[in-house]
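A short write-up of the structure that comes next.
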Amino acid sequence: MPRPPSPSIPEKEFVYNALKQSLRLDGRQALEMRTPVLTFGPELGWVEVAMGKTRVIAQVDGKMVKPPPERPLEGIVTIHSEISPMASTDYEPGRPTDEEVTMTRMLDKVLRRSDALDKESLCVQAGQRVWHLRLTIHCLADAGNLLDCACLAGIVALKHFRRPEVEVVGDEVTIHPPSERAPLPLSLHHTPFCLTFAYFPDPSTPPILDPTYLEQRLSAGLLSIALNAQKELIVVQKAGGVPLAPDEILRIIEVAVMKVKELDRIVESRLKEDIAGRHIEVR
Amino acid sequence: MTSRIEILNDGGYRSDGRKQYELRDIVIDLTQKGTADGSATITHGLTEVLVEVFGPREAKVRSQTMHDRALINVEVNIMPFSTGERRKRGRGDKRILELGSTIKSTFEPVVQTSLYPRSEIDVFVHVLQQDGGLLQASINATTLALINAGIPLHDFVCAVTGGVHSTSPLLDLTTLEENDVPHVTVAVLPRTKKVTLVTMETRLHADRFEDIFRLACEAGDVIHKEMKRAVMERAKKLVTAMDMGSRLAPAGAGDGVEKDTMVDDSNDY
């Protein structure tokens, strides 16, 4: 299928003029995010994140495998994310578009290469048995900013997941099912969140946070920043687009630092609520 | 496995003998290679990248062209012998695809694509040797190759890598340093001093980031000077060669540069 048709000229002009006056079509402020709505599934490690109409499901499951010989002391984490045409007509099965490649790589960098998860804690028996965690991300609907939504879903799913307790006595390994012993949470070093800012061709238009589909299509450049609540930057990605002054980029980083603190609060409170409502302890 | 080599010793020297803010040796070769419209090889220390540019030319796949601009295609090819261990990388490797799409998005606003509607500019990046700073070298070589091909640009794009070792910023990292130290690649447009590319994939505190970010922006100017010098030298060589041609011809030897030589066609057939 050829490239999707770009927005029409009246739409383009309307959005540009509105943005110049800091008015967004959905009534948000320029630097206001859509509040994420987290829904947890019946299983632990299943979460659906909805940011406006953008929805992503993330699911974690784990099994024990033999580790590769070059890394006998670490667990394995694989991320599987394919955007199906269900998300939007822009995506085709089998052929990754530029956007999809960017999203897959960003998820990889934010969740795997940032060392958010302590891989050594996933080792059960050195060289013999380690946990292999599989994080699957399904993009249900793309109403702009699929990347932030997917990263959020991924990290919340990892925080929500509980792995069965394993007992190692000598050479014998016993996996206790959840009904016998309470499963344990994964040990995360830090919680990364991703924020995307969109820039527009007219330099007098201020940047906006969390673009919708139309705003993303009409943007002249995107700046994605992944960071945690401890003010550590994990990924900064600005590939081309409108050139920005260095001060502008540093200013946006300051804004991102503030927003992440809010996000962290929301996520923590929702997780606590959900875990409290479940019976994970032994009867 | 990290080796026991110090990244920065007490005397302020790095593992390859450079000081903290010293860039590696830059060698630029703009001679024409094969049939490409423009080609450039840049070497940063031991990292060597060759870029060939074809275009603007008629697009191979008509349906992907744009009615008002040229299409830029970037293909990256990492040679199996480029690193210490020989390893063949598939074309579909996500890391290589990402490198290609990063270079493409970096140059899309810089190349004056609106001058060549419905055409295609093909950029082939060949990585011959890798020792850190791959994206940096690829972007610098692409800028030079585009200039060599005569494609109009708004500005040079100069890229440099930077890293922070505990609290000391370092510039232009080798593979050894990249594996050990959080690093960022920055590409600037020297005339406007604006930043067109920033990528960082390792964890770094926001305050440290500010230091290295500003430093890298300044370092872009140094690379710009080197690139400009190489382009001027090449242009001078070409002009001298053209001069020689007209000077050796029998007619119009006196004024040399101003007069065009007239070739007498009457006896050809």
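Just add up the charged neighbours of B:Ser168: K/R +1, D/E -1, any other residue whose Cβ is under 11 Å from the Cβ of B:Ser168. Once positives and negatives cancel, what remains is +2.
With the highest mean first, a sort of the peptides B:38-47, A:263-272 on other beta-carbon atoms found within 10 angstrom per residue produces B:38-47, A:263-272. Taking the centroid of alpha carbons for each part, the stretch B:1-49 and the stretch A:95-150 are 33 Å apart. Packing around the peptides B:209-220, A:159-170, taken as the average count of other Cβ atoms within 10 Å per residue, puts them in this order, highest first: B:209-220, A:159-170.
Shielding value for A:241-249 is 6, the average number of Cβ atoms from other chains within 10 Å of each residue's Cβ. With a simple spin-label model that places each label point 7 Å from the Cα along the Cα-to-Cβ direction, the separation between A:Arg134 and A:Leu25 comes to 3.8 nm. Structural descriptor for chain A: relative contact order 19 percent, calculated from alpha carbon pairs under 8 angstrom and at least 6 residues apart. Karplus-based coupling profile of the stretch A:254-270, in residue order and whole Hz: 4, 4, 4, 4, 5, 5, 5, 4, 4, 4, 4, 4, 4, 5, 4, 5, 5, with θ = phi - 60° in 6.51 cos²θ - 1.76 cosθ + 1.60 and x standing for Gly or Pro. A crude spin-label estimate for the pair B:Phe81 and B:Tyr13, with each label 7 Å from Cα along the Cβ direction, gives 3.2 nm. The H on the amide N of B:His205, modeled in the peptide plane, is under 5 Å from the matching H of A:Leu233, each at least 5 residues off or on a different chain. The alpha carbon centroids of the stretch A:32-79 and the stretch B:190-224 are separated by 33 Å.
Charge tally around A:Pro7: other residues with Cβ under 11 Å, Lys/Arg +1 each, Asp/Glu -1 each, net -1.
Counting only Cβ charges, +1 for Lys and Arg and -1 for Asp and Glu, the dipole size of chain B around its Cα centre is about 560 debye. When the Cα convex hull of the stretch B:1-43 is projected onto planes of every orientation, the mean area is 5.2 nm².
The mean count of C-beta atoms from other chains within 10 Å of the C-beta of residues in B:178-187, rounded to a whole number, is 1. Contact order, relative form, for the stretch A:1-90: 16 percent (alpha carbon pairs under 8 Å, 6 or more residues apart, mean separation divided by residue count).
Counting only Cα atoms, the stretch A:1-149 measures 63, 33, 28 Å along its principal axes, largest extent leading.
Structural descriptor for the stretch A:198-283: relative contact order 21 percent, calculated from alpha carbon pairs under 8 angstrom and at least 6 residues apart. Couplings 3J(HN,Hα) of the stretch A:226-234, computed from phi: 10, 8, 10, 5, 8, 6, 9, 7, 9 Hz, in residue order, whole Hz [Karplus 6.51 cos²θ - 1.76 cosθ + 1.60, θ = phi - 60°; x for Gly and Pro]. Computed from backbone phi with θ = phi - 60° and the Karplus coefficients 6.51, -1.76 and 1.60, the 3J(HN,Hα) list for the stretch B:182-199 is x, 9, 9, 10, 10, 10, 10, 9, x, 5, 9, 6, 9, 9, 9, 9, 9, 10 Hz; x is used for glycine and proline. Axis of helix B:134-148 versus longest Cα principal axis of chain B: the two differ by about 10°, to the nearest ten degrees. Amide H contacts under 5 Å for B:Tyr13: none, restricted to partners 5 or more places along the chain or on a different chain, H placed in the peptide plane at 1.01 Å from N.
Applying 1/(1 + (r/R0)^6) with R0 = 60 Å to the Cβ-Cβ distance of A:Thr35 and A:Lys66 gives a FRET efficiency near 0.85. Candidate cross-link partners of A:Lys66 among the lysines, defined by an alpha-carbon separation under 29 Å and a same-chain spacing of 8 or more, comprise A:Lys109, A:Lys119, A:Lys159, B:Lys88, B:Lys94.
Normalised by 2.2 N^0.38 Å, where N is the number of residues, the C-alpha radius of gyration of the protein assembly as shown stands at 1.10. Peptide B:100-109 is shielded by partner chain Cβ atoms: per residue, an average of 5 of them sit within 10 Å of its Cβ.
Under a 5 Å amide H cut-off, with hydrogens placed 1.01 Å from N, A:Ala182 pairs with A:Val282 among residues at least 5 apart or on other chains. Comparing mean-square fluctuations of A:Glu254, A:Glu70, A:Glu11 from a GNM of chain A with C-alpha springs under 10 Å, the top value falls on A:Glu70.
Relative to the longest principal axis of the Cα atoms of chain B, the long axis of helix B:94-107 lies at roughly 60 degrees. Between B:Asp221 and B:Gln64, the simple spin-label model (points 7 angstrom out along Cα→Cβ) gives 3.9 nm. Residue ranges B:151-160, A:196-205 sort as B:151-160, A:196-205 when ordered by packing (mean number of other C-beta atoms within 10 Å per residue, highest first).
Read the figures in this text as sums done on the coordinates, not as results from a lab. Predicted, not measured: the structure shown is a model, and the values here were computed from it. Ideal geometry is used to build each Cβ from the backbone, glycine not excepted, and the neighbour counts take in all protein chains shown.
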